[in-house]
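Asker: Mind having a look at this structure? Questions to follow.
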Amino acid sequence: MMAEQQVIKQSELLNRLVIDRTSTEEVGRADQLWLNPQSHQVVGLSCKSGFMGKNKRSFTWAQIESVGADSIIVNLSAGVGDAEKPEGAISGIGYEVWTDAGNKVGKIVDYLLVPKTGAVVSYLYSSSGWQGVLEGIYLLLPAAIESAGSKRVIVADAAVQNPQQYAEGLSQKIGQAAEYFKEDYESTLEHLENARRRAVDGTQGVKRGAQQLADEFQEKVQDVKEKATEGAQNFAEQARQKAQAAREQAAEGAQNLAEQAKQKAQAVREQAAEGAQNLAEQAKQTAQAVREQAAEGAQNLAEQAKQKAQAAREQAQAKIAEVQTRRQEPSPPASIDITDGTTPEEPPQ
């Protein structure tokens, strides 16, 4: 089981498993939290189980022993029945937020509480666009709420002039601020109690003490409101600064990406141009080599043809000389019979 969280949203508890510590059995799933709108305290919860959530159980917040990340541990003492929902307890979700100047600010959609005590440290409301406030979820400190009814709450107008937008990472800071306001509130109550006792002790100064008590109470309430407003403004300023820093980082990142893309495109173009130039040079060299080979081949062929022609001429001249030599040789004389002066006849064949 994980340790209890310091601050948690009401919506995160809904549908969370509820387990009895003694029997370790499942009791059901958290269905609704009971909120006291006057003390801003969660005083109990109900859970459901069975088919379609038919079975219902309910507990006071005092019975909640721990709230973990996965379950809510309750202590169901033997013989103790289910708790009854206190009169005036509400869910608080969906309540309209109005200012004491008569302006509708938005609607409560959730709230942050301390699981150990059930104390609400801040309400979360959605803006209705009042005074140009952008849509989103904003913080509303309990000290800013002046009254609450069955459908809406009324808050100090100054407390919502510069609302702080809610972000998950601010929960811890909200918890610290809430602890500060709680301590200041308890100190105020103690101060008022001492003043009341002083007023009761002096029968002659009852009227003066009561007036002083009222004045001091009014001053303390005003002081708490001013501190709540100042705290909300500080949170809002921090949120705006973080948002501005995030926008600047995003713009710088986009510019860097654009520059990188430009450099890569330039490199691709240069590589393409260099590749085309290399191909052209290779083609030129290949054409030159082909021309040189063709010229060399033609020259070889011409030389061979010349040699063959020379050989043919020499052979022809040799033949002519041979024929002429044969023609110049004398023919042998015919045999003559000297006895009668006639040529003897050749014997018959």
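The values are calculated or read from the model by the stated rules, or taken from the named source; none is laboratory data. Worth saying up front: this structure is predicted, and the values here are computed from it rather than measured. With ideal geometry, Cβ positions are generated from the backbone for all residues, glycine too; neighbour counts draw on all protein chains shown. Surface accessibility is based on the protein's heavy atoms, side chains included, excluding ligands, DNA and RNA. Shrake-Rupley method; radii C 1.70, N 1.55, O 1.52, S 1.80 Å.
Asker: For the stretch 22-64, what does the accessible surface come to per residue with a 1.4 Å probe? Please give it in Å².
Answerer: I get 56 Å² per residue for this part.
Asker: Let me ask another. For the stretch 263-328 and the stretch 11-53, write down the distance between their C-alpha centroids in whole Å.
Answerer: If we compute the Cα centre of each part, the gap is 100 Å.
Asker: A further question follows. Can you give the local net charge around Y123? Use residues other than it whose beta-carbon is closer than 14 angstrom to its beta-carbon, Lys and Arg +1, Asp and Glu -1.
Answerer: It works out to a net charge of 0.
Asker: Sorted by accessible area with a 1.4 angstrom probe, largest first, how do K104, K54 fall?
Answerer: K54, K104
Asker: Another question about this same structure. Give me the percent of accessible area attributable to carbon and sulfur for the stretch 17-109, probe 1.4 angstrom.
Answerer: Within the stretch 17-109, the accessible surface is 47 percent carbon and sulfur.
Asker: Suppose a student asked you for the relative contact order of the stretch 1-155, using Cα pairs under 8 Å spaced at least 6 residues apart; what percent would you report?
Answerer: 21
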